[in-house]
1. Among the residues of region 51-72, is there at least one that is out of contact with any Lys or Arg (no Cβ under 8 Å at 6 or more places or on another chain) and part of a helix (DSSP H, G or I)?
2. Can you pull out every residue in region 100-130 that is open to solvent by 10 Å² or more (accessible area, probe 1.4 Å) and under 15 Å from the mean Cα position of the chain (by Cα)?
3. Given the structure, is Arg161 open to solvent by 30 Å² or more (accessible area, probe 1.4 Å), among the basic types (Lys, Arg), at pLDDT 85 or above and not in a loop (DSSP other than H, G, I, E, B)?
4. Which of the numbered conditions does Lys152 fail, given that it passes all the others? Conditions: (1) of a type in the set (D, E, K, R); (2) at pLDDT 85 or above; (3) in a loop (DSSP other than H, G, I, E, B).
5. If Tyr121 satisfies all but one of (1) among the hydroxyl-bearing types (Ser, Thr, Tyr); (2) under 22 Å from Ile28 (Cβ atoms); (3) modelled with pLDDT of 80 or more, what's the number of the condition it fails?
Amino acid sequence: VKYIYDPSSKYTSGRRQTILYSGYKRVIKMLVCIHKDDNVSSMIHLLQIAKPKKESPLCVFVLQLFELVGSKQAIIAPYDQQDKKALTRTNSNHIITAFQRLQKENNDDLRAQHFTSVAPYTSMHDDICSLAFDRSVNIIILPFHQNEGDDKIIEEFANIRNDNGRVMRHAPCSVVVFV
């Protein structure tokens, strides 16, 4: 069955949704993935450097990723302002606030929408790729799998590295690993 059925084939379309094919003066759609709180400030700086304008606005989908432990049911859900309990469960209020502030600073030139994914690392790439495919995203921005710790020792996160590799193999659009 493994050789016959390729689950990543559902992310392929007739036309590739890359930055190259997005065209001039169109909305560029980005999927920004957040594994840890440390990823937020660097992603915000990257989006500020992009300098969205009325002629080329940005639509940013922020996907906060959590590892699923102790259950087999993966969840991907959009942020609902009415559901304050879900917000407290995921502890993502400061992340949502940071991207909402960025949206206000850029008027209507940047739109941000927040999603939360709770899945095991082995299938996390499915959530990323399916959201990118469903929203016709042009580019996925993934955080690098290494982080400099407090004592200046480089920590490697093998699960994140493996997940990044699976996203790059199956993504329906351009992928950037942001160091």
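1. No: zero hits.
2. Residues of region 100-130 that are open to solvent by 10 Å² or more (accessible area, probe 1.4 Å), as a first pass: 100-101, 103-109, 111-114, 116, 118, 120-123, 125-127, 130.
Once the filter is applied, which keeps residues that are open to solvent by 10 Å² or more (accessible area, probe 1.4 Å) and under 15 Å from the mean Cα position of the chain (by Cα), region 100-130 yields Arg111, Ala112, Gln113, His114, Thr116, Val118, Tyr121, Ser123, His125, Asp126, Asp127, Ser130.
3. Working: open to solvent by 30 Å² or more (accessible area, probe 1.4 Å): yes; among the basic types (Lys, Arg): yes; at pLDDT 85 or above: yes; not in a loop (DSSP other than H, G, I, E, B): yes.
Criteria met by Arg161.
4. (2)
5. So Tyr121 meets the others, but not (2).
The values are calculated or read from the model by the stated rules, or taken from the named source; none is laboratory data. This is a predicted model, so every value here is computed, not measured. Heads up, the Cβs are rebuilt from the backbone with ideal geometry, glycines too, and the neighbour counts pull from every protein chain shown. With ligands, DNA and RNA removed, areas are computed over all heavy atoms of the protein, side chains included. Shrake-Rupley method; radii C 1.70, N 1.55, O 1.52, S 1.80 Å.
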